[in-house]
1. Considering only region A:315-335, how many residues are over 19 Å from residue A:251 (Cα atoms) and either touching a helix residue (DSSP H, G or I) at 6+ places or on another chain (Cβ under 9 Å) or more than 14 Å from chain B (Cβ to nearest Cβ) (or both)?
2. Would you check if there is a residue in region B:37-46 being polar (S, T, N, Q) and touching a His at 6+ places or on another chain (Cβ under 9 Å)?
3. Taking the options B:216, B:224, B:210, B:205, name whichever one is under 21 Å from the mean Cα position of the chain (by Cα), more than 14 Å from every other protein chain (Cβ to nearest Cβ), within 30 Å of residue A:159 (Cβ to Cβ) and assigned to a helix (DSSP H, G or I).
4. For a quick check of your reading: which helices (runs of 4 or more DSSP H) sit entirely within region A:248-322 and have at least 3 residues that are at pLDDT 95 or above?
5. Going by the conditions given, is residue B:234 in contact with a Pro (Cβ under 9 Å, 6 or more places away or on another chain), in contact (Cβ under 8 Å) with a residue 24 or more places away in the chain and in a helix (DSSP H, G or I)?
6. In region B:95-120, which residues are assigned to a helix (DSSP H, G or I) and free of Cβ contacts under 8 Å to residues at least 12 places away in the same chain?
7. Restricting attention to region A:288-305, does a residue exist that is closer than 29 Å to residue A:186 by Cα and either surrounded by fewer than 20 Cβ atoms within 10 Å (Cβ to Cβ) or under 16 Å from the mean Cα position of the chain (by Cα) (or both)?
Amino acid sequence: MKLSRRHFLMGTLALGLGCARGRDRVLNFYNWSNFIAPNTIRDFEKESGIRVNYEEFSSADVMFAKLKIGVTGYDLVVAPGYMVRRMIRHDLLYPLSKDITAPEYLPHLNSPPFDPKHEYSVPYLWGTTGVGYNSKKITTNPKSWSLLWDKSLEKRITVLDEKRDAIGMALFHLGLSPNSTDLKELERAKQSLLEQRPLVRRYTSDFTDDLIRGETWAALGWSGDVAQAQASNPEIQYYLPDEGCFLFVDSLVIPRSAPHPEAALDFIRYFLRPEVCKDITNATGYANPVVASKPLVDPKLLNNSLGYPPDDVLKNLYYQEDLGDKEAVWDDLWAEVKR
Amino acid sequence: MRKTPWKLLAPFILFELFFILAPLCSVIWQSFHPVSPDYEILPQWTLANYRKALDPANLPILGRTFLYAGSASFLALILGYPVAYFIALKAGRRKNLFLILLMLPFWTSYLIRTYAWMTILQTDGLLNYVLLSLGLVSEPLQLLNTPGAVILGLTYGFIPFATLPIFVSLEQMDKRLIDAARDLGANDFQIFKEVIWPLSLPGVLAGALLSFVPALGDFVAAELLGGPDDQMIGNLIQQQYLGSFNWPFGSALSLLLIVMMTAGVIAYARVESGEEER
């Protein structure tokens, strides 16, 4: 068929009308990058008739900053637990407990400290911050955070450019509380990070490429990302250091400013179906909260520190807590380490 | 009749007010306010952001910023001059074609082009492959996440800003001066040294400034091509705006940079007017 100018104009016009008319048939979804299955959005659109505008962020701080300064238009946002707490504190979230009938969640997610009754958030995907490493280059079967301070790894490690994970790692390494707000303890963490700095090739949250290609041998990293890296390079292994690790629960929240909260609720209900969330887990390597989907996920991820860690490991995991008025202290510390 | 120029200037003045003065005032205003522990801007006035910005611990990052931006600008001039010279004086009919070719890579986003350098410089990347196949090195070199990579990224990023002003000044030069010099017995080197170079100097200075200033505020090159010891002031500023939420501190840092850039521009204007008087 020949595409005449007139056809083209008609087409654009129809597109414009579609945007204007379908007020409640749109969902603006703001998610972490690489944090969904390739088919999820398409299937949801087909079933619900809702058109999804999907946008990604790679830093939770950027996401928060946008919402805080009043960027509106997002209906559904994925936020890390500590950020959920902070957003509740800033009155940025729409309460959704009355609109969602929660399925049975995994026991350790029943009452997360950032939103104990799930009044504002529904757990989306969860994982851990541990160490990904190249088992061909590092053959010592490491079990401790001290690997990331090993002098033989000069310029061979990357550290996540997220202050919570990075400073938390140093606090775990020193045997201190990973959510510490004690200035003396934080100073010790800073010294420890400066001591580690010569080993760091760069501070980045895109750590998997370097690890896959063998540029780096070890990385402070997120479990699911390491699982994805392992799929491309089987030499990559992951462990949760004995000193303790962070457990993060990235959750679905609806901003108060959401233009289409109903569509967001529809997506949340859709996501909580076992057969939907199992696809997301299999694609991302991150575990989902729904008990009924566990039998459906890739067995490789079960009873494995990468996906669903066994119960004795779960006991050694800590939530990232809201830092309250010490947020700025952490920010400054992290800037001082990096400059 | 005398009032017409003001009317004609009105759109320009409005443009300046909206797009330059208003944002700048907002940055200045923010920089004098403290923030709450949760980064809410408080109504009090303070100099604390400037004190923090002028902290001696920030000196290394400032020095590095000037070093990297200066090196990049210098390299851009050295590489850009012959190109501008060729296009302006030797390309003849194909001048426009070469100008388009010069600009062609810059139709792609700066970010994408910086990512492209990552794939060229990485350990198993193109450059190491070439070096290894030629037998110039026996082990792949670590090229990425080094100061050299950052300077390379900045040079590449801002080279047209150095080249085009040189091109313009060579292009506008009265070509008969070259013939005159030759008639008077000057050889090629003398023609360049005594005629072409002095006449292209305004372009060289403008090119130096136009490539130095954006390189000074850049953060992409250091972020993607640098390592932990290669961060520039732009990275620190970007982190205040997008990482934490400390806009007042970010504003103070930006103003510090603006003041230093302005000093550079004034110095340039002095040299420039000195040239004209000569």
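1. 12
2. Keep residues of region B:37-46 that are polar (S, T, N, Q), which gives B:44, B:46.
Now narrow it down to the ones that are touching a His at 6+ places or on another chain (Cβ under 9 Å): B:44, B:46.
Yes, region B:37-46 contains a residue that is polar (S, T, N, Q) and touching a His at 6+ places or on another chain (Cβ under 9 Å).
3. Matching residue, one of B:216, B:224, B:210, B:205: B:216.
4. Correct list: A:261-271, A:274-284.
5. Considered against the rule, which asks whether it is in contact with a Pro (Cβ under 9 Å, 6 or more places away or on another chain), in contact (Cβ under 8 Å) with a residue 24 or more places away in the chain and in a helix (DSSP H, G or I), residue B:234 comes out as no.
6. Let us first name the residues in region B:95-120 that are assigned to a helix (DSSP H, G or I), namely B:95-107, B:110-120.
If the condition is that a residue be assigned to a helix (DSSP H, G or I) and free of Cβ contacts under 8 Å to residues at least 12 places away in the same chain, then B:95, B:96, B:97, B:100, B:101, B:104, B:105, B:107, B:112, B:116, B:119, B:120 are the ones that fit.
7. From region A:288-305, those closer than 29 Å to residue A:186 by Cα are A:305; that's our starting set.
Filter once more, keeping what is either surrounded by fewer than 20 Cβ atoms within 10 Å (Cβ to Cβ) or under 16 Å from the mean Cα position of the chain (by Cα) (or both): A:305.
Yes.
Every residue, every condition in (1) more than 30 Å from residue A:96 (Cα to Cα); (2) touching a Leu at 6+ places or on another chain (Cβ under 6 Å); (3) more than 14 Å from chain B (Cβ to nearest Cβ); (4) not hydrophobic (A, V, I, L, M, F, W, C), yes or no:
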| site | (1), (2), (3), (4) |
| --- | --- |
| A:235 | yes, no, yes, yes |
| A:241 | yes, no, yes, yes |
| A:275 | no, no, yes, yes |
| A:280 | no, no, yes, no |
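The values are calculated or read from the model by the stated rules, or taken from the named source; none is laboratory data. A quick note: this is a predicted structure, and the numbers were derived from the prediction, not measured. Neighbour counts run over all protein chains shown; Cβ positions are idealised from the backbone, glycine included.
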